[in-house]
Amino acid sequence: METEASCGQNNFEMSETLATFLASTPLLEEAWRVCNIANISFPGAYLVERIGSVAYIAFSGRQMTSGSDQKCRNLVALSKEDGGVFAPLYRHSEAEEPMVHHGMLKLFFSMFPSLQIQIADLMGKVKSIVITGHCIGGTTASLSALFLLCHLLSLSVYPPMSVLCITFGSPLLGNEALHRSIRHQRWGENFCHVVSKHDIMPRLLLAEIVNHIPHIQALLQFWHCCMASPHLPVAGLSSQVPSDLKRLLFLSVLKDLELLTQADDPSESLFWPFGSYVFCCQEGAICVENVASVMKMLHLMMATGSPNQSIEDHLKYGDYVAKVSRQFLQARNFEEGIPDSSYEAGVALALQSSDLTDKEPVVVMAKECLQMAQHSDKPNLNAANLAIKLSKIVPYRAEIEWYKACCDEADDQMGYYDSFKLTGASRREGRVNINRHRLAQFWNSVIHMLENNKLPHDFDRRGKWVNASHFYKLLVEPLDIADYYRTGMHRERGHYIEHGRERRYEVFDKWWRSVPEEENKRSKFASLTQDSCFWARVEEAKECLDNVRSERDATKRQQLWHKIDNFEAYARQLINNKEVSKDVLAKNSSFSRWMEEWKEMKSQVQQITPLFPGFVDGKVVP
C-alpha cells in the first residue's frame, strides 16, 4: 500500500479535502438557498442574484420537459441542434459526437435568449458566476455553464471569469463523448454534482425506465408540489405517493444499476457522469470523480436505502447541506488505530464520510470502489512517463535517419524514397521496416491516450510533442508511401493520400498547423522534405503522365494535363523555397525521372502544335 501512496497525492485525501472545502465555504449553502428561492418563486424559470463579486444563477427544479414522454432517454447530437453554441465541445471530436438529453436541451434553449442577456449584463461586473439548480433545473444549469465556458473560450477576457456549476439531485445529461469532450477542455473541475445518499432522481437515466413513464410523471408532480411548500414535513407528504409506485421504481432502478456496475466497461451506459460528484449523508460528504467509481457509489448508497428514502431524499438537500457545513469541523477518528499508510487513511476517511462503515458487505464493495478511483488517470504523470518512453524509441528513429543519410549518399543516386521502395526486401530495409512499425505503435498509443483524456489538455500544443511528432511524420511517412506503392495497395484501394494515409498523420498535421509559421527563408535545402506526402503526389503525377499519353477523350486529357501542370508548379515552389530534401533532386529519383519525361512530352507537344490545332501553347484543348 505504501507503493500506492507514493504514486502521487492520494485521491481520497483529495476527495476529503474537496468535500471539506465545499462545506467550509458559503458556496454550498448559498447555492442551495438560491435554488430553494427559485423552486418556490420562479417555477419554470430562474433567478439571478449578486453577492459582492459573485453572481448566482439558480434554475428552478419545478420544470417539466419532453424528457418525461416516451422518448425519455433520447439523446441528440449537439452539433445538429445548437447552432454552434457548444461548438468547442464537438469541433475537434474524432469519434462519436457529444450528445445530450433532447428534452433537457429543448428546455435550455427555451430560456437561452433571456439567459444570454443576463450573462452579458454580468460580464465585467462580477469575478465569478455560480450556476446552480435542483432536480431538472440542475441539468439546465449544467448546459448553461457549458454555454458560458464555450463563450468565454472565444473571448479574450482578462482576468478570466471563474465559472462553477453546482447541481442538487440532477439527472444525468449526456453520453460518453460529452464526458470526454468536457474532460478534454479540462472543464470537469467546473462542475460539482451534489447527490444525497438515496435520492432516486440522479440515478433514473441509468435505468431502463420507458415502462415507468406514468409513474415518473406522478413522482415529478409530487416533488414539484413539495418544492413549492418546503415548510411542510417531507415524511408526511411522501405518504401520499402510493407504496407500490415507490417500490416498483426503487427496485427497477436498483436492479439496472446493479447490472450496470457489474459490467466490465461503463461505456455500456447510455448516459455518463462528468465533473465531481459529492455524495452527502448524515455523516458528511465524499467527492468522487472517476466514472466507474461514481457509478458504483450511486448503486451502493442507494442499496442501503428504502423506497421511501429514495423519494424523500430528493427533498432533503437543504438539511444535508446544513449538516455537512456544521459537521466539517468535527474531528475524524480511527476506531481501530491509525492506518499504516496515507492511502489507507484516505480510504477510511472517505468511508466514514459516506456512512457505509457499519454496513457489511456493502462496506467491502465501497472500499473496492474507492480503491478503484485511486488508480484513475493522472494526465501529468502519464505525460511524464510518455517522455521516458519517447527517449527509449530514439534509437529506432536514429537508425532510420542513418539509413536516409546512406541512401542520399549512395552511388545509385536514387535517394531515400526510391531506395526503400525498390529494395525493401533486403536485410537492411527489413530492419528499417521493423523500426517503422515500432514508431507507428508508439505514436498511435500517444493519440489514443490523448483522445481518452489520459494526457494534459494542452498536450497537443506543447512544443516538445508537436515538434517530435512533426519530425516523425516527415521522416517516416515517405517510407509508408513507398511501402504502399511497392505492395500495390494503390491498385486495390486507390492512391495513398485519399485512401491509404494513416490517421495519425492527419492528427499531427492538425497539431503542426496550430503552431505559428516562421517567416525565415531557408538558405539551404531542408534535411527532410516539408511535405510528408510529396512522394504520394509524385506517384499520382506519374500515373497522370502515363494516362495523358493514352487518353483519347479531349476533355479528360485536358483535366490530366491541368493536374500535371499544377503539380509541377507546386514542386517548383517547394524547390525554390528549399523545402525539399536533396533526395528529391537525386539524379535517379522518381521525381527527377518524372520531370525528364514531362519535359520531353511538353517538347513533343510544342513541336506538333503547328500541325494539330488541338494543341495550343503546349496544352491540350478540346
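Worth a mention:
- Enumeration of residues in segment 161-203 that are of a type in the set (Ser, Thr, Tyr) and more than 21 Å from the chain's Cα centre (by Cα): 162, 167, 170, 196
- Considering (1) in contact with a Gly (Cβ under 7 Å, 6 or more places away or on another chain); (2) modelled with pLDDT of 95 or more, the lone condition that residue 489 does not fulfil carries the number (2).
- Whichever residue in segment 401-445 is crowded, with 17+ Cβ neighbours inside 10 Å and among the charged types (D, E, K, R) and, among such residues, is nearest to residue 459 (Cα to Cα): 436
- Applying the condition of being in a loop (DSSP other than H, G, I, E, B) and basic (Lys, Arg) to segment 178-200 and asking which residue is modelled with the lowest pLDDT yields 186.
- Matching residues, segment 531-579, being without any contact (Cβ under 8 Å) to a residue 24 or more places away in the chain and either outside any helix (DSSP H, G or I) or not assigned by the TED database to the domain that holds residue 416 (or both): 551, 552, 553
This table checks each residue for (1) out of contact with any Lys or Arg (no Cβ under 9 Å at 6 or more places or on another chain); (2) aromatic (Phe, Trp, Tyr); (3) surrounded by 14 or more Cβ atoms within 10 Å (Cβ to Cβ).
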residue: 192; (1), (2), (3): yes, no, yes
residue: 206; (1), (2), (3): yes, no, yes
residue: 229; (1), (2), (3): yes, no, no
residue: 253; (1), (2), (3): no, no, yes
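- Tally of residues being on the phi > 0 side of the Ramachandran plot and in contact with a helix residue (DSSP H, G or I) (Cβ under 8 Å, 6 or more places away or on another chain) across segment 573-602: 0
- Options 566, 577, 588; residue that is closer than 21 Å to residue 467 by Cα, modelled with pLDDT of 85 or more and open to solvent by less than 90 Å² (accessible area, probe 1.4 Å): 577
- Boolean, residue 232 is part of a loop (DSSP other than H, G, I, E, B), more than 30 Å from residue 454 (Cα to Cα) and among the hydrophobic types (A, V, I, L, M, F, W, C): yes
- Taking every residue in segment 175-200 that is among the basic types (Lys, Arg) and pairing it with any residue that is open to solvent by less than 20 Å² (accessible area, probe 1.4 Å) and in a strand (DSSP E or B), at least 6 positions away or on another chain, the pairs with Cβ-Cβ distances below 8 Å are 197/279; 197/280; 197/281.
- Filtered residue count, segment 487-502, keeping only those that are open to solvent by 80 Å² or more (accessible area, probe 1.4 Å) and touching a residue at least 12 places away in the same chain (Cβ under 8 Å): 1
- Across segment 189-233, the number of residues qualifying as small (Gly, Ala, Ser) and touching a strand residue (DSSP E or B) at 6+ places or on another chain (Cβ under 7 Å) comes to 1.
The values are calculated or read from the model by the stated rules, or taken from the named source; none is laboratory data. What you are looking at is a predicted structure, and each value in this text was computed from that prediction instead of being measured. In this analysis, Cβ positions are derived from the backbone assuming ideal geometry, glycine residues included, and neighbour counts consider all displayed protein chains. Note: areas computed on protein heavy atoms with side chains; ligands, DNA, RNA excluded. Shrake-Rupley method; radii C 1.70, N 1.55, O 1.52, S 1.80 Å.
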